[in-house]
Amino acid sequence: MKDTAQLVNELTLLEKAALLSGANTWETRAIERIDLPAIWLADGPHGVRKQVGSADHLGINGSEPATCFPTAATIAGSWDDDLAERVGAALGAEASSQGVGVLLGPGLNIKRSPLGGRNFEYFSEDPELSGRLAAAYVRGIQSAGVAATPKHFAVNSQELRRMVSDSVVDERTLREIYLTAFEIVVRESAPWAIMSSYNLINGTYAHENTHLLQQVLREEWGFHGAVVSDWGGGNDAVTAVSAGGTLEMPSPGFDSARAIVAAVESGELPMADLDARVSEVIDLVRTVSPRTAATVDLDAHHALARRAAAESAVLLRNEGGILPLGEGTTVALVGDFATTPRFQGAGSSLVNATRVSTLVEAMGASSTVTLAGTAQGFRRDGGSDPTLIAEAVALASRADVVVLALGLPEIAESEGLDRSTLALPADQVELLASIHSANPRTVVVLSAGGAVETPWSAHAAALVHGYLGGQAGAEAIVDVLTGVVEPGGRLAETLPISLADTPTAGSFPSRARTAEYREGPFVGYRHYESAAVDVAYPFGYGLGYTTFAYRDLAVDENGAQATVTNTGLRAGSDVVQLYIGRLGESGVLRPVRELKGYTKVWLEPGESRRVSLAFTDRTFRFFDVGSDSWQVEAGEYEIAVGANSQDLPLRATITRAGVSLPLLDERLATVSTGGADDAAFAVMLKRAIPDSEWGSGPLEVNDPMDRMSGARGALGRMAFRILDSRRRKAEAAGTPDLNILFLLNGPFRVISKMSGGLATSRLTAAVLTLVNGQSVRGLGRIIGAFFRGRREEKAAKRAFDAAAQRKSA
Ligand code: BGC
């Protein structure tokens, strides 16, 4: 077999350039002459979404049936790397069985704000937990011979204007919070691909970011795979090639290939850069194909999805031990989600599930409890309905226990849209109060992909956060409620008391050109613990049906050991968590404590286990911007071990050697309590704060299309009004219109990037002429650019096909 370098040498310049963008929405280009097949890329993070019919990347058109596993936010609650790896392996096997070579997941962006519309697809607010779980997924997926594509690299924290938003973040926060999870994945599981994000990072698009893609990802972390752009995330194809962006998806036709060819011919782009990227594509294709497709047992995968959802469900409250429900309990099942479950989010991760269980069916099938009846209780669209409440109350008073299925409706969390509130819909809260008066033995089960405020929790005798449990989520909840499975989940994100307490309150999501990460490293519990802000349920928290005690902490150079005992009467699991914090004055801004290790233990009643939590090279490090390297600050550190970020009964100190730093710059004092002021932020950035305003001049190719609201051209303003009214209509009907959101949030360049060659970048420029008020000239240019584009596209395709299909002599 020829090696990759030989194959690269056999390619024409156009072939090389054309290999760096997709052939269509989901496939790479084949080059028969060198026996290079096309490979199929498909979402996604919690189930395969292979569209063989009409293709779109937003989950709108149907896809082949596949198991819908719990989403990442759910599985994160398990804190169980082995479970994540098993789910990954099942995803990989299903992908392989469908002929998918590259699976677009897992998603591991850090939950900067609980309002992030896509938080359901991500693991945690903490990089250690996110990174380890994602690495486990990658190991699982790739064990089936399918490439995993951890995404979205990097600092992709908001959905609003996600393709044009510039994340302005200081280098230390970037490294410690937003890159560490990716670093863990790359170093520990060697993914064959990675997906660059839509946004800019410190002024440069992710797919063109030399710092991220070359210096950090490849040189420091040793990544050898292909960097795949997010769909439509490619901007300047030539810049991407030099910066380390490998494959632009989906297909811009031959538009990008022509630009690359021209840049090589003019000497602007060195052939060596192009060859490096082409090798990465060829290596990826050859790594994942040809493979023998795996056969899958869909029943076994459904069972795994069920077990995983149960092991991940977080029991937040259990007054008087109302759970687990005893033998013969009669249950009134209330809530719209009981019959029409919310088990996954919306957007590119939408899976066409092989089957979906509902609470009403699963409860009906339980041999432990008896279903007394069901009632809808509330309307999904949020409209208050006294009749539904009255029916539910009547039912509630006839049963031993009420199981009330509450949660967020579809419109509340989706790709393309950030949340505007952390509150549960008011009609659901009203229903809970009425049900509680009728029957205080009320168990609330939440279906939501993220955090919600819980000011109503006193009305719930028990509260289970089931997150988005996948297709078997309802069966899993019944397993948990009836004690068939221990609720093994612990919060992978803090549940704050109120939105106002969150570190980015009032500034997330940013509508400006930049999103300023003024909270620095104080994300999630790092903020609440450091600024002493009370929370509803802390990071790492969760109850089981038994109790645990911790004792005998021993700390040495290599790690910590502690003894955990199951002090209750049932078998159960607990997640032993290790946090560290530096004692005394530090020369850098530091959260009070940070998670550095965890392990899950299963213990029989009365059983004890000595658990070890090894230190790693991440345990004591901080990113020293002065020397541009990881360092350990000399001094004393507190080692804290326990059950969550606030319940850490075991403490010890350890002294570490390292660098000595001058005292902290006084201007940074504001950061840990309310975010950096201008002076502090400039110190953190080590440069002036970049301008966040949109220009007042004509709209440009990378301006979001929703800025057409103020376009100079009447046609531009009209286009905005049409798009916006469709957005509002869809939202009023309860389902987000992802196509419209994609356009409104996206820049003008997607017109050519997503058209499969129908529109060129020249045509996009012509559209802008029109939007900017020169209607007649714009129209003329559009027509001219269209026909010219067609001619160029056909010529490139002919040349490519003629070369690619020619058999070598
Ligand atoms: C999403 C990616 C996804 C891609 C392909 C994009 O809109 O951001 O996560 O993999 O579409 O569907």
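Remarks
- Residue selection: Ser113 fails the criterion of being more than 16 Å from the ligand (Cβ to nearest atom), touching a helix residue (DSSP H, G or I) at 6+ places or on another chain (Cβ under 7 Å) and part of a loop (DSSP other than H, G, I, E, B).
Per-residue answers, yes or no, for (1) part of a loop (DSSP other than H, G, I, E, B); (2) among the hydrophobic types (A, V, I, L, M, F, W, C); (3) free of Cβ contacts under 8 Å to residues at least 40 places away in the same chain:
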position	(1), (2), (3)
Ile411	no, yes, no
Ser420	yes, no, no
Glu430	no, no, no
Leu446	no, yes, no
Gly449	yes, no, no
Leu463	no, yes, no
Gly470	yes, no, no
Ile477	no, yes, no
Glu486	yes, no, no
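Listed here are the residues, each with its yes/no results for (1) buried (at least 20 other Cβ atoms within 10 Å of the Cβ); (2) more than 26 Å from Ala237 (Cβ to Cβ); (3) assigned by TED's automatic domain parsing to the domain that holds Leu58.
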| site | (1), (2), (3) |
| --- | --- |
| Pro250 | yes, no, yes |
| Ser266 | no, no, yes |
| Ala276 | no, no, yes |
| Ser312 | yes, yes, no |
| Glu319 | no, yes, no |
| Gly335 | yes, yes, no |
| Ala338 | yes, yes, no |
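- Annotation note: of Gly347, Gly382, Gly373, the sole residue that is surrounded by 24 or more Cβ atoms within 10 Å (Cβ to Cβ) and either in contact (Cβ under 8 Å) with a residue 12 or more places away in the chain or more than 16 Å from the ligand (Cβ to nearest atom) (or both) is Gly347.
Okay, residues lined up against (1) under 18 Å from Val228 (Cα atoms); (2) buried (at least 22 other Cβ atoms within 10 Å of the Cβ); (3) within 24 Å of the chain's Cα centre (by Cα):
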site: Thr12; (1), (2), (3): no, no, no
site: Thr67; (1), (2), (3): no, yes, yes
site: Ala84; (1), (2), (3): no, yes, yes
site: Gly101; (1), (2), (3): yes, yes, yes
site: Arg112; (1), (2), (3): no, yes, yes
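- Qualifying positions in the range 39-61 - away from the ligand (no atom under 14 Å from the Cβ) and in contact (Cβ under 8 Å) with a residue 60 or more places away in the chain: Ile39
- Of all residues in the range 696-728, those satisfying the criterion of being outside any helix (DSSP H, G or I) and open to solvent by 50 Å² or more (accessible area, probe 1.4 Å) are Ser696, Pro698, Glu700, Val701, Arg712.
- Qualifying positions in the range 731-762 - open to solvent by 20 Å² or more (accessible area, probe 1.4 Å) and not in a helix (DSSP H, G or I): Ala733, Gly734, Thr735, Asp737, Met754, Ser755, Gly756, Leu758
- Residue that is least open to solvent (accessible area, probe 1.4 Å), among those in the range 21-38 that are assigned to a loop (DSSP other than H, G, I, E, B) and away from the ligand (no atom under 13 Å from the Cβ): Thr28
- Any pair with Cβ under 8 angstrom, 6 or more apart, that starts in the range 738-751 at a residue that is in contact (Cβ under 8 Å) with a residue 40 or more places away in the chain and more than 10 Å from the ligand (Cβ to nearest atom) and ends at one that is open to solvent by less than 10 Å² (accessible area, probe 1.4 Å) and part of a helix (DSSP H, G or I): Phe748/Thr764; Phe748/Val771; Arg749/Thr764
- Residue tally, condition away from the ligand (no atom under 16 Å from the Cβ), over 19 Å from Gly789 (Cα atoms) and buried (at least 22 other Cβ atoms within 10 Å of the Cβ), over the range 226-248: 4
- Sole residue being more than 18 Å from Tyr122 (Cα to Cα), of a type outside the set (Gly, Ala, Ser), within 16 Å of the ligand (Cβ to nearest atom) and in a helix (DSSP H, G or I), chosen from His211, His207: His207
- Test: residue in the range 116-132 that is within 15 Å of the ligand (Cβ to nearest atom), among the polar types (S, T, N, Q) and under 22 Å from Leu468 (Cα atoms): yes
- Failed criterion for Val533 (all others in (1) of a type in the set (Val, Ile, Thr); (2) surrounded by 24 or more Cβ atoms within 10 Å (Cβ to Cβ); (3) not in a helix (DSSP H, G or I) hold): (2)
- Qualifying helices (runs of 4 or more DSSP H) (wholly inside the range 216-306; at least 3 residues being touching a strand residue (DSSP E or B) at 6+ places or on another chain (Cβ under 7 Å) and either among the polar types (S, T, N, Q) or modelled with pLDDT under 95 (or both)): none
- Check on Thr354, open to solvent by 30 Å² or more (accessible area, probe 1.4 Å), within 24 Å of Ile389 (Cα to Cα) and assigned by TED's automatic domain parsing to the domain that holds Ser414: no
- Which listed residue, of Arg551, Arg582, Arg651, Arg621, is touching a residue at least 40 places away in the same chain (Cβ under 8 Å) and surrounded by 15 or more Cβ atoms within 10 Å (Cβ to Cβ): Arg582
The values are calculated or read from the model by the stated rules, or taken from the named source; none is laboratory data. The shown structure was predicted, so the numbers you read here are calculated from the model rather than taken from an experiment. Note: ideal-geometry Cβ built from the backbone for every residue, glycine included; neighbour counts use all protein chains shown. Only protein heavy atoms, including side chains, enter the accessible area calculation; ligands, DNA and RNA are left aside. Shrake-Rupley method; radii C 1.70, N 1.55, O 1.52, S 1.80 Å.
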